1. So how many residues does the stretch 53-100 have that are polar (S, T, N, Q), under 16 Å from Ile32 (Cα atoms) and under 15 Å from the mean Cα position of the chain (by Cα)?
2. Would you check which residues across the stretch 174-233 are at positive phi and over 14 Å from the mean Cα position of the chain (by Cα) and list them?
3. Have a look at Ala367, Ala374 and point out the one that is at pLDDT 95 or above and either over 23 Å from Asn327 (Cα atoms) or acidic (Asp, Glu) (or both).
4. Taking Gly157 as the residue in question, decide whether it is out of contact with any Lys or Arg (no Cβ under 8 Å at 6 or more places or on another chain), in contact (Cβ under 8 Å) with a residue 12 or more places away in the chain, open to solvent by less than 20 Å² (accessible area, probe 1.4 Å) and not charged (D, E, K, R).
5. Just to be sure I understand, how many residues within the stretch 287-307 are assigned to a loop (DSSP other than H, G, I, E, B) and farther than 18 Å from Trp233 by Cβ?
6. Output the number of residues of the stretch 70-105 satisfying the condition of being outside any helix (DSSP H, G or I), open to solvent by 30 Å² or more (accessible area, probe 1.4 Å) and not aromatic (Phe, Trp, Tyr).
7. Before we move on, is Gln20 assigned to a helix (DSSP H, G or I), polar (S, T, N, Q) and modelled with pLDDT of 95 or more?
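The values are calculated or read from the model by the stated rules, or taken from the named source; none is laboratory data. Quick caveat: nothing in here was measured; it's all calculated off a predicted structure. Don't worry about glycine lacking a Cβ; one is built from the backbone with ideal geometry, like all the others, and counts go over all protein chains shown. To get the accessible areas, we keep the full protein, side chains included, count just its heavy atoms, and leave off ligands, DNA and RNA. Shrake-Rupley method; radii C 1.70, N 1.55, O 1.52, S 1.80 Å.
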Amino acid sequence: MRKSCCFFFLLILTAFISCQKSEEELFTLPEIDISGSSNGIVELPEDVPSIFRDVFSKYTKILAPNGKPIHILAQAGWTDDQVKKGRNVLEFILTDYPGSEYGNDKSVIANTMADRKATMVFFNTEPDLHEAMRGPLRRGTDLSMQDLRGNENPAEGSEDYMNHITRDASFEEIWHLVHDYGIKPTQPVMLAEMREANDKAAEKGWRAWPDDEPQEHPNEYVGVLIDNYYDLWTLRPKKYEGREIKPEDVPEGQSHFGRYFAASRERMKELDPDGYALIQKFFPPYLTYTPELPGYFESTFSLTFDESLVYTYKSQHLANVTLTGSNDSSLIGNGFDNTLKGNAGNNVFEGKGGNDKIDGGTGTDTAVFSGPHADYRITETEKGIIVEDSQQQRDGVDKLTNIEILKFSDKEIKK
């Protein structure tokens, strides 16, 4: 009996030593400096272990309040605009939402993610994901990974985004990273409310997945809520990871291939009030990040909803946008307090409602206002021009920088 116990002890000890050795051999990412890059995206340096360089070519990160990175690795097929979109979404989810119940201070969530080496891994396609995960990347690193594919992440201003072609999965998948490595370890009260709201939605027809992993259903449920709160499914996308989405694949008014019954913010409010209330306790009503439109963009980008412009189902929830490059392009704001920035071309800006900040950049730029000149008070300062609308609920108070022309309904003024 004693001999048997000793043998058992040796087995445990051997397994423990083997486990310790295995952990020591796990590869990690070294400190990667992105400060020299104009867009914060760099090629993977040579000192990065080949286990990463054999799969990925690009790197960026965000820093948690504790100074540690949350990593983003991307394959070569990802454009810089797509990488920036993914990084923007991650920053957005981790941005404090002052006054909210669960999102007022997200620092503990971000710090916990960084401590666990949370990492978004951006693969070109699903086959690329499977190929990589059959290799050493699957078990050979100490990173806590969540994937997103390039054919499910349309960047603002791209042809894909403007024509509402690809189903945007960036919010849902990046939420999973935040949930698994930030919220799950730190937010028991939020998790309990997620479970309760999920179960009530299931009684109304919500069909979660995976079917055999009910513990994951609240996680997937909130991912679905995010998508519909920002109206990503209100108008049916045309493709899912490059494959056509047919009308019969998504019943009218539903999302996620019929698994959820409320495919818009308004329908959520009516049909899933518990989910609607939950999402507002962590996420603000608008997207806080600032997309930079591609340098090739040459058109008008509107943040005001217009059912004839399919992309505005999504862009109506943005508050800020920046033009890049030098093409002559226009920006139209919405009712939020917008920050609109121009490029090197001749730009036209229409702030709409809210108190907006508009910077034309270089070129000859125009700010457009809804009413006649007499309805506005114009004040010139050292920093620019302040235009204040005397009519309530119209143009608000706009602060203008590098604007050469003020266009009113009855006249233009050159500054």
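1. Of the residues in that region, 1 qualify.
2. Gly205
3. After applying the criteria, what remains is Ala374.
4. Yes.
5. Residues in the stretch 287-307 being assigned to a loop (DSSP other than H, G, I, E, B) and farther than 18 Å from Trp233 by Cβ: 14 in total.
6. Summing the residues that are outside any helix (DSSP H, G or I), open to solvent by 30 Å² or more (accessible area, probe 1.4 Å) and not aromatic (Phe, Trp, Tyr) in the stretch 70-105 gives 10.
7. no
Yes/no matrix, rows are residues, columns are (1) polar (S, T, N, Q); (2) in contact (Cβ under 8 Å) with a residue 12 or more places away in the chain:
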site	(1), (2)
Pro291	no, yes
Asp306	no, no
Tyr313	no, yes
Asn320	yes, yes
Gly333	no, yes
Gly342	no, yes
Lys357	no, yes
